[in-house]
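Trainee: Dropping a structure here in C-alpha cells format, bear with me for questions.
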Amino acid sequence: MGDIVPLLVLLAASIVSAQNAIGSRGHGRLFWSLMTAGMAMWCCNQSFWVWFEVMLRRTLPNPFLGIWCCSCTLSHHGRRRHPPPSRRGA
C-alpha cells in the first residue's frame, strides 16, 4: 500500500496537470506543461520503485538507474532549449 498509493496519486496529478496544459494558453500552458513533465518523471521514478519493491520483492539498487535517466532527460532538454551564451544573438 505504501508504494502503490503514492503512484496512483502521482498518476492522477499528472493527468490533471496535462489536462490543464491542454486547456491553457501562453505562460499558463508553459507552466502546466513543465508541471506535467516534472510529475510524469516523478511518476516514472515511483513506478520503478513499485516494480522493484512490490513486483520483484527486492530492495532498490543503489545508485538507482531510473533517477539517472530522468535527470539526464531533464538536463538534455534544458541544454537543447537554451544554447550557450556565445551562440545567442545580441
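Trainee: Test GLN46 against the stated conditions and say whether it is surrounded by 16 or more Cβ atoms within 10 Å (Cβ to Cβ) and either touching a strand residue (DSSP E or B) at 6+ places or on another chain (Cβ under 7 Å) or modelled with pLDDT of 85 or more (or both).
Mentor: yes
Trainee: I've got another one for you. Could you grab the pairs with beta carbons closer than 8 Å, sequence gap of 6+ or different chains, first residue in the range 12-35 and in a helix (DSSP H, G or I), second one charged (D, E, K, R)?
Mentor: Hits for this filter: ALA21/ARG29.
Trainee: Now for a different question. Need pairs with beta-carbon distance below 7 Å; first residue of a type in the set (A, V, I, L, M, F, W, C) and within the range 41-55, second at pLDDT 85 or above; sequence gap 6+ or separate chains.
Mentor: TRP42/LEU10; CYS43/LEU7; CYS43/LEU10; CYS43/LEU11; CYS43/SER14; VAL50/ILE4; VAL50/LEU7; VAL54/ILE4
Trainee: Can we say VAL54 is modelled with pLDDT of 90 or more, surrounded by 12 or more Cβ atoms within 10 Å (Cβ to Cβ) and part of a helix (DSSP H, G or I)?
Mentor: Here the answer is no, as VAL54 does not meet what is asked.
The values are calculated or read from the model by the stated rules, or taken from the named source; none is laboratory data. Everything quoted here is computed from the prediction, not taken from an experiment. Every residue, glycine as well, gets a Cβ built from its backbone with ideal geometry; the counts of neighbours run over all protein chains shown.
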